[in-house]
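The next block holds one structure in the form of structure tokens; read it before the comments.
The values are calculated or read from the model by the stated rules, or taken from the named source; none is laboratory data. Computed from a predicted structure; not experimentally measured. Cβ sites come from the backbone with ideal geometry, for glycine too, and all protein chains shown count toward neighbours. The area values use the complete protein model at the heavy-atom level, side chains included, leaving out ligands, DNA and RNA. Shrake-Rupley method; radii C 1.70, N 1.55, O 1.52, S 1.80 Å.
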Amino acid sequence: MKKVTIHTLRKMKQAGERISMLTAYDASFARLLDRAGIEVLLVGDSLGMVVQGHDTTLPVTMDQMVYHCAAVSRATEHAHLVGDLPFGSYQTSADEAVKNAMRIVSEGGVESVKLEGGAEYADIVRRIVRAGVPVMGHIGLTPQSVHKLGGYVVQGRTEEKAAKMLADAKALEEAGCYALILEMMPADLSAEITRSVGIPVIGIGAGAGCDGQVLVVYDLLGMNPDFSPKFVKKYLDLGVLIRDAAMRFRDEVRHGEFPAEENSFSSAPGDVKPQLYSIPGKG
Ligand code: KIV
């Protein structure tokens, strides 16, 4: 499989080929998703919620993003790798934004960064792109502004807000974004934005008219039985499967059935496994 670059994604839009994108936060998931042929892997600051257990993405730090990006990049060969710039890492000044974007690329090993916000971030996007780092924009529901938005609610439902969203998309394209995320907006608005810009547009809760779709991988796998929003399709009930496997393990340990003889070492020399734990990508 060839490496997916920002140019591949643009060509896919031009050819009318849909782009698939998923989040990844660690090497084991990244290896599986990469081998499945997912074109874009996002180390999203959603990790603050699904991995760290916070109510919002706001507590996520640069150090944490770099740590997760580095883990994902070690196991990714084919997919284009995007790292989220977390809350507070790009809003204060263009210099700070450039410094953090470069850090997430150099230390985290990602190939582009994503930041939330519309036309008001055009100058910051320009500066990061000028420094050599491709930027993916993110408009609509921008979770880092949850308190300003008053919750996780669908955006762009009035004519005025829809017009602002369209203007934001054009401003971000003009500033040099190579792609855009549209989150939680009416399907007709996202389809209009997708038609109006030349860069690939990837939707989440934004209907079928985008050039591609992104989901938080834990949602698609059904890791949280209590979370079933309208825009997510659960392709698996992994939460139930994991619980059942853990219960079987617990029962087998209780009843002395695990470890069985084949899981135990004998005293014969040479009967030692060469590797302690599985390393993604190393079989
Ligand atoms: O952080 C994230 O996972 C995201 C996606 C939902 C697009 O921003």
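What longest range of the chain stays clear of loop-exposed GluC sites (Glu not before Pro) (DSSP non-H/G/I/E/B, at most 14 other C-beta within 10 angstrom)? Numbers along the way, then the final one.
On the way: sites that count: Glu17, Glu77, Glu257.
That would be 78-256.
Which whole-number percent is the relative contact order of the chain (Cα, under 8 Å, 6+ apart)? List each step's numbers first, then the result.
Numbers: 509 pairs, mean separation 42.2, N = 283.
So the answer I get is 15 percent.
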Could you tell me the center-to-center distance, by alpha carbons, between the range 50-110 and the range 112-188 in angstrom?
17 Å
Apportionment of accessible area to carbon and sulfur, the chain, percent (1.4 Å):
55 percent
Between helix 62-74 and the chain: long-axis angle, C-alpha atoms, 0 to 90°, nearest 10:
60 degrees
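Which whole-number value in Å² is the accessible area per residue of the chain, probe 1.4 Å?
Values: 14840 Å² over 283 residues.
In whole numbers, the chain has 52 Å² accessible per residue.
Going through the range 174-283, which chymotrypsin sites (Phe, Trp or Tyr not before Pro) have at most 12 other Cβ atoms within 10 Å and a DSSP loop state? Walk me through the intermediate numbers first.
Working: sites: Tyr178, Tyr218, Phe227, Phe231, Tyr235, Phe249, Phe265, Tyr277; in loops: Tyr178, Phe227, Phe231, Tyr235, Phe265, Tyr277.
The qualifying sites are Tyr235, Phe265, Tyr277.
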Sites Asp55 and Ser93 - FRET efficiency at Förster radius 22 Å, r taken between beta-carbons, to 0.05
0.20
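Provide the gained length on full extension for the span Lys233 to Asn263, in nm with one decimal, where the gain is 0.36 nm per separating residue minus the Cα-Cα distance.
On the way: separation 30, 0.36 × 30 = 10.80 nm, distance 3.77 nm.
Gain in length upon complete extension: 7.0 nm.
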Label model pair Val153, Arg74: point-to-point distance (7 angstrom along the Cα→beta-carbon line) in nm is 4.4 nm
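Where the only charges are on Cβ atoms (+1 Lys, Arg; -1 Asp, Glu), what is the dipole of the chain about its Cα centre, to the nearest 20 debye?
Values: 30 positive and 35 negative charges, 123 e Å.
Here the chain has a charge dipole of around 600 debye.
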Those trypsin sites (Lys or Arg not before Pro) from the range 132-169 that are DSSP loop and have at most 13 other Cβ neighbours within 10 Å turn out to be Arg157
Space enclosed by the convex hull of the alpha-carbon atoms of the range 153-216, per residue, Å³
75 Å³
Helix-only estimate, please: 222 nm mean residue ellipticity of the chain, summing -39500 (n - 2.57) across DSSP H runs of length 4 or more and dividing by its residues, to the nearest 500.
-11500 deg cm²/dmol
Cα gyration tensor category, rounded, prolate or oblate, for the range 6-220 with a/c compared to 1.5
rounded
Lys pairs in the range 6-220 with Cα under 22 Å (8 or more apart in sequence, or on separate chains) total 11
Given the options Gly198, Ala24, Tyr152, identify the residue whose Cα lies farthest towards the positive end of the charge dipole of the range 6-220 (+1 on Cβ of Lys, Arg; -1 on Cβ of Asp, Glu).
Gly198
For the range 7-33 and the range 223-283, what is the centre-to-centre distance using only Cα atoms, to the nearest Å?
28 Å
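Considering only DSSP beta bridges whose two residues both sit in the chain, what percent are antiparallel, to the nearest 5?
Numbers: 1 of 30 bridges.
Given both bridge residues lie in the chain, the antiparallel proportion sits at roughly 5 percent.
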